[in-house]
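Trainee: Could you have a look at this structure, given as structure tokens, before my questions?
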Amino acid sequence: MTRIAIDPATDILGIIDVQPTFMPGGELAVADGDAVVAPINRLLAGPFQHAFATQDWHAPGHISFASSHPGRAPYDVIDVPYGQQTLWPDHGIQESASAALHPGLAQARIGVIVRKGTFQHIDSYSAFFENDRKTPTGLDGWLRARGFKRVFLCGLAADFCVAWSAEDAASLGYETYMIEDASRGVAMPGPGNRTTMDLSRGRLIERGVRFVRCADLG
Ligand code: VGL
Ligand code: ZN
């Protein structure tokens, strides 16, 4: 990968769900999830002057919780009006300590925080749209109004919320990058002996999302 020169005026770092609920000891722990904080802080101290962050922010009884569906277990997949929904352990509970941004995350350059998953009957993985893929969060309008052209995504989980955000950013016309070593995934088994990490990577490459590492950005 050749070096990518960050333009601090039109490039933005997108920090997805860097919340203790997705880290070791949290309710929906991603292996090594806390390892994203240090590289993200380095990116925030270095090339990027602007960032946005998301928080997964559910009320108790949310549709994505297995506990809301009697007889179902975490990681089951059910049919819902907007398609298929993977069920998760209760996580990202509004105002709980584990749903805050990780206390070690440098927040000075985070210009906007988008909370998603706040509708009880629809999940939201992406920073841009609810899982019906059409209800907007408003982030696209904010980015456009501020003149950002390229979106560099990182955080948790690489194969769910970061991947869905990258897919939507690309389809909205942003040049989109996924910073692999500042992200960690759930890597669940998926169809055809492939993991959700492999499957999402393939889908994103098809849509023109570029995979980069922190050291490529300067
Ligand atoms: C996420 C599953 C459920 C994520 C959020 O942040 O990737 N995954 N809610
Ligand atoms: Zn969630």
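Trainee: Please enumerate the residues belonging to the stretch 95-139 that are within 13 Å of ligand 1 (Cβ to nearest atom) and among the small types (Gly, Ala, Ser).
Mentor: Within the stretch 95-139, SER98, ALA99, GLY117, SER124, SER126, ALA127 qualify.
Trainee: Tally time: how many residues in the stretch 1-45 are of a type in the set (Asp, Glu) and either more than 25 Å from ASP216 (Cα to Cα) or surrounded by 15 or more Cβ atoms within 10 Å (Cβ to Cβ) (or both)?
Mentor: First, pick out the residues of the stretch 1-45 that are of a type in the set (Asp, Glu): 7, 11, 17, 27, 32, 34.
Then drop every residue that is not either more than 25 Å from ASP216 (Cα to Cα) or surrounded by 15 or more Cβ atoms within 10 Å (Cβ to Cβ) (or both), which leaves 11, 17, 27, 34.
Here the count works out to 4.
Trainee: Collect the residues in the stretch 77-94 that are near ligand 1 (Cβ under 10 Å from one of its atoms) and of a type in the set (Val, Ile, Thr), keeping them in residue-number order.
Mentor: Result: THR86, single match.
Every residue, every condition in (1) of a type in the set (Lys, Arg); (2) over 13 Å from the mean Cα position of the chain (by Cα); (3) modelled with pLDDT of 95 or more; (4) within 21 Å of VAL209 (Cα to Cα), yes or no:
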{"site": "GLY104", "(1), (2), (3), (4)": "no, yes, yes, no"}
{"site": "ARG109", "(1), (2), (3), (4)": "yes, yes, yes, no"}
{"site": "SER124", "(1), (2), (3), (4)": "no, no, yes, yes"}
{"site": "PHE129", "(1), (2), (3), (4)": "no, no, yes, yes"}
{"site": "ASP181", "(1), (2), (3), (4)": "no, yes, yes, yes"}
{"site": "ALA187", "(1), (2), (3), (4)": "no, yes, no, yes"}
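Trainee: Among what's in the stretch 58-76 and is within 24 Å of GLY190 (Cβ to Cβ) and in contact with a helix residue (DSSP H, G or I) (Cβ under 6 Å, 6 or more places away or on another chain), pick the residue that is nearest to ligand 1 (Cβ to nearest atom). Walk me through how you get there before you give the answer.
Mentor: Our first condition is that a residue be within 24 Å of GLY190 (Cβ to Cβ); within the stretch 58-76, this holds for 58, 62-69, 71-76.
Pick out the ones that are also in contact with a helix residue (DSSP H, G or I) (Cβ under 6 Å, 6 or more places away or on another chain) and you get 72-74.
Values: ARG72: 15, ALA73: 15, PRO74: 10 Å.
For the stretch 58-76, the residue satisfying everything is PRO74.
Trainee: Applying the selection to the stretch 56-68, what residues are in contact with a strand residue (DSSP E or B) (Cβ under 7 Å, 6 or more places away or on another chain), within 11 Å of ligand 2 (Cβ to nearest atom) and open to solvent by less than 10 Å² (accessible area, probe 1.4 Å)? It would help to see each step written out before you state the result.
Mentor: Looking only at the stretch 56-68, we keep the residues that are in contact with a strand residue (DSSP E or B) (Cβ under 7 Å, 6 or more places away or on another chain), and these are 56-58, 60, 63-66.
With the extra rule that they be within 11 Å of ligand 2 (Cβ to nearest atom), the set shrinks to 56-58, 63-65.
If the condition is that a residue be in contact with a strand residue (DSSP E or B) (Cβ under 7 Å, 6 or more places away or on another chain), within 11 Å of ligand 2 (Cβ to nearest atom) and open to solvent by less than 10 Å² (accessible area, probe 1.4 Å), then ASP56, HIS58, SER64, PHE65 are the ones that fit.
Trainee: Quick one: how many residues across the stretch 156-204 are away from ligand 1 (no atom under 13 Å from the Cβ), small (Gly, Ala, Ser) and without any contact (Cβ under 8 Å) to a residue 60 or more places away in the chain?
Mentor: 6
The values are calculated or read from the model by the stated rules, or taken from the named source; none is laboratory data. All of these numbers come straight from a predicted model, not from anything done at the bench. In this analysis, Cβ positions are derived from the backbone assuming ideal geometry, glycine residues included, and neighbour counts consider all displayed protein chains. Accessible surface is based on the protein model in full, side chains and every heavy atom, while ligands, DNA and RNA are left aside. Shrake-Rupley method; radii C 1.70, N 1.55, O 1.52, S 1.80 Å.
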